[in-house]
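S.K.: Right, I'll just put the structure down here and ask away after.
The values are calculated or read from the model by the stated rules, or taken from the named source; none is laboratory data. Predicted, not measured: the structure shown is a model, and the values here were computed from it. Backbone-built Cβ (ideal geometry, glycine too); neighbour counts: all protein chains shown. Calculation scope for accessible area: heavy atoms of the full protein, side chains included, ligands and nucleic acids excluded. Shrake-Rupley method; radii C 1.70, N 1.55, O 1.52, S 1.80 Å.
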Amino acid sequence: MRARYGVPLGIAAVGAAGLAYSAGFEARSFRLRRVTVPVLPSGMRPLRVLQVSDIHMVGGQRKKQRWLRSLAGLRPDFVINTGDNLSDPEGVPEVLDALGPLMEFPGAYVFGSNDYYGPKFRNPVRYLFEKAQGRHGLNGNPPAVGVVHNPWEDLRDGFDAAGWQNLTNTRGLLKIEGVSVELTGLDDPHIKRDRYAEVAGGPSSAADFSMGVVHAPYLRVLDAFAADAYPLILAGHTHGGQVCLPFYGAFVTNCDLDTDRVKGLSRHTAEGRTSYLHVSAGCGASRYTPVRFACPPEVTLLTLVAR
């Protein structure tokens, strides 16, 4: 009996314990990460940017809502929301409530695919197969059918009413205590809604500082921003790999970005020019895969300082 069933039962017990930890504890173990990025022109005062990404709000996530509301106590200079706020068509009021205190600060946003469409259950192993085949999102995959359409217009209207700037394939400008910050944004490349040609040309000479903003860090977008000499690019989407192996890291990024840069600060070079890239691991997960392992949910406070 022991020889025949002991090992399989032990493996099952370890698996169950891991699932309970990743869904019951780590997925709710919210962290604030602090990063310093030397990108500002010489003599410019530091800027504190709070990047919020991949909330994937589901009704009833009270702890996440309270934690997001508490972040207003950081008093950032401005807030950047890099998309995927929803994982529930009924979640818009809870997103707006959770971000309400942060919307008292200047801010801007782009949307991700989960703001537009409700999630569908997918076998997680498919991400590994798609990575091996070079297929990601709608880039090489057939268009999604039978999906739920989220009320993203209500989310947009709420952000706009608070004064946050919509960066959907356009540029915006924030004035912060006499400093002008230009923001160049794109719609989500994961579902081929990015239109870089509409914002191409690089930073404006009239702004004190410029940065690129996008949800999914696909290489074609990062190449375009870097080639146009944006000193900093902010993105989300990857969930930091979401389920990682300790001492190894992420298995997938859910885009064509390499796993070495699945989260945190790195650099990206194109046409001889180099930008800093910050990819947020996000603070949520799809309602169908509400787990995290060796990759806790996070929001990042970036302090931009002079080069």
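S.K.: Of the residues Val147, Val221, which is closer than 30 Å to Arg292 by Cβ, among the β-branched types (Val, Ile, Thr), assigned to a loop (DSSP other than H, G, I, E, B) and free of Cβ contacts under 8 Å to residues at least 40 places away in the same chain?
M.R.: Val147
S.K.: Here's a follow-up. Looking only at the range 224-248, count every residue that is more than 25 Å from Asn169 (Cβ to Cβ), of a type outside the set (A, V, I, L, M), touching a residue at least 40 places away in the same chain (Cβ under 8 Å) and not in a helix (DSSP H, G or I) and tell me the total. Working first, answer last.
M.R.: Just the residues of the range 224-248 that are more than 25 Å from Asn169 (Cβ to Cβ), to begin with: 240-248.
Keeping just the survivors that are of a type outside the set (A, V, I, L, M) gives 240-242, 244, 246-248.
Narrowing further to those that are touching a residue at least 40 places away in the same chain (Cβ under 8 Å): 240-242, 244, 246.
If we keep only those that are not in a helix (DSSP H, G or I) as well, we get 242, 244, 246.
Adding up the residues that qualify gives 3.
S.K.: When the range 267-279 is examined, which residues are found to be open to solvent by less than 40 Å² (accessible area, probe 1.4 Å) and touching a helix residue (DSSP H, G or I) at 6+ places or on another chain (Cβ under 8 Å)?
M.R.: Listed by number, the residues that qualify are His268, Ala270, Ser275, Leu277, Val279.
S.K.: Let me ask something additional. May I ask you to list pairs of residues, at least six apart or on different chains, whose Cβ atoms are under 8 Å apart, with the first in the range 154-170 being closer than 10 Å to Phe111 by Cα and the second being crowded, with 16+ Cβ neighbours inside 10 Å and basic (Lys, Arg)?
M.R.: Asn166/Arg156
Yes/no per residue for (1) in contact with a helix residue (DSSP H, G or I) (Cβ under 8 Å, 6 or more places away or on another chain); (2) of a type in the set (Lys, Arg); (3) surrounded by fewer than 23 Cβ atoms within 10 Å (Cβ to Cβ):
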residue	(1), (2), (3)
Pro38	no, no, yes
Leu50	yes, no, yes
Asp54	yes, no, no
Val58	no, no, yes
Gln65	yes, no, yes
Gly73	no, no, yes
Leu96	yes, no, yes
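S.K.: Residues in the range 195-221 that are surrounded by 14 or more Cβ atoms within 10 Å (Cβ to Cβ) and among the small types (Gly, Ala, Ser): how many?
M.R.: The qualifying residues number 5.
S.K.: Here is a further query. Considering (1) at pLDDT below 95; (2) open to solvent by 30 Å² or more (accessible area, probe 1.4 Å), say which one Glu26 fails and leave the rest.
M.R.: (2)
S.K.: Still on this structure, please answer the following. Take Gly83 and tell me if it is closer than 22 Å to His278 by Cβ and part of a loop (DSSP other than H, G, I, E, B).
M.R.: Numbers: closer than 22 Å to His278 by Cβ: yes; part of a loop (DSSP other than H, G, I, E, B): yes.
The answer is yes for Gly83.
S.K.: Moving on to the next point. Could you give me the residue pairs with C-beta distances under 6 Å whose first residue belongs to the range 252-264 and is open to solvent by less than 40 Å² (accessible area, probe 1.4 Å) and hydroxyl-bearing (Ser, Thr, Tyr), whose second residue is part of a loop (DSSP other than H, G, I, E, B) and at pLDDT 95 or above wherever it lies, and which are 6+ apart or on separate chains?
M.R.: What qualifies is Thr253/Thr238; Thr253/Val262.
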